[in-house]
Amino acid sequence: MPQPDTEGLIDLVLKQFDKKCNVLEIGSGSGVIPIILAKYKNFEIDSLDINKKAIKLSKENYYIKLPKLKGKINFIYADFNKYFFSKEYDIIISNPPYLVKNDKEISSWVKRNQPKKALYSPKEELLIFKEIFELAKKIKKDEIYIFLEIGYNQKEKLGNLLKNYNFKKVDFFKDLSKKDRYLKIYV
């Protein structure tokens, strides 16, 4: 079951696109993001994760829902920084590991039930975002959008980081608690 913050991220994509799209998801997790997108839209989705267990779980969840899906999903065990992308994408979506270790606002349920690698930024706080921005520049076609879930306190830091990129449009969106939680970029 998606967390409320992730539902908001998915809703942003569902509301914007009606056409067939190629989607790249970074960080499959349980597969909830691509499965919900494929349930409602005719998307072709490549979902990458560096965790074999996450890929296995995503595939299991996908096959349960398969008869009810409009789109197609390909789950790939790979590091997106090392993967060779042979096609162009319209959308990159990710709920990356963006939390810092001492984040006090993370719920005890999330701490108990989510893998640490899926929650916490492994090195510097914004590294995963930098890597996604660089990837988008490499695989860019005429038009590509990036949709990201971000930490409630990262808007200012990300805004400063984004000044280093020449993206066409950057928008932050609030969650139901009125906290900045989503980033949409038109590359």
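Those residues that are over 18 Å from Glu131 (Cα atoms), of a type in the set (A, V, I, L, M, F, W, C) and at pLDDT 95 or above, I need them from region 39-56; list them, please.
Selection gives Phe43, Ile45, Ile55.
Is it fair to say Phe43 is crowded, with 21+ Cβ neighbours inside 10 Å, more than 22 Å from Gly151 (Cα to Cα) and in contact with a Gly (Cβ under 6 Å, 6 or more places away or on another chain)?
Yes; evaluated as a whole, the condition is true for this residue.
Surrounded by fewer than 18 Cβ atoms within 10 Å (Cβ to Cβ), within 23 Å of Asp171 (Cα to Cα) and at pLDDT 95 or above: does that describe Leu14?
So Leu14 passes the test.
Is it true that some residue in region 84-103 is at pLDDT below 95, over 22 Å from Ser28 (Cβ atoms) and among the polar types (S, T, N, Q)?
Looking for residues that are at pLDDT below 95, over 22 Å from Ser28 (Cβ atoms) and among the polar types (S, T, N, Q), one finds at least one in region 84-103, hence yes.
Can you tell me which residue is farthest from the chain's Cα centre (by Cα) among those in region 28-58 that are assigned to a helix (DSSP H, G or I) and of a type in the set (Val, Ile, Thr)?
Among those that are assigned to a helix (DSSP H, G or I) and of a type in the set (Val, Ile, Thr), it is Ile55.
Before we move on, is Glu25 touching a helix residue (DSSP H, G or I) at 6+ places or on another chain (Cβ under 9 Å), under 25 Å from Asp171 (Cβ atoms) and assigned to a helix (DSSP H, G or I)?
no
If I ask for residues that are buried (at least 16 other Cβ atoms within 10 Å of the Cβ) and not in a strand (DSSP E or B), which ones from region 140-151 would you list?
Ile144, Ile150, Gly151
Rundown of residues vs (1) of a type in the set (A, V, I, L, M, F, W, C); (2) farther than 24 Å from Lys87 by Cα; (3) part of a helix (DSSP H, G or I), yes/no style:
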residue: Leu158; (1), (2), (3): yes, yes, yes
residue: Leu161; (1), (2), (3): yes, yes, yes
residue: Phe173; (1), (2), (3): yes, yes, no
residue: Ser177; (1), (2), (3): no, yes, no
residue: Arg181; (1), (2), (3): no, yes, no
residue: Ile185; (1), (2), (3): yes, no, no
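Which residues, counting only those in region 59-78, are out of contact with any strand residue (DSSP E or B) (no Cβ under 6 Å at 6 or more places or on another chain) and assigned to a strand (DSSP E or B)?
Tyr77, the sole residue that qualifies.
The values are calculated or read from the model by the stated rules, or taken from the named source; none is laboratory data. Computed from a prediction, not measured in an experiment: that's the story for all the values here. So basically every Cβ, Gly included, is an ideal-geometry build from the backbone, and we count neighbours across all protein chains shown.
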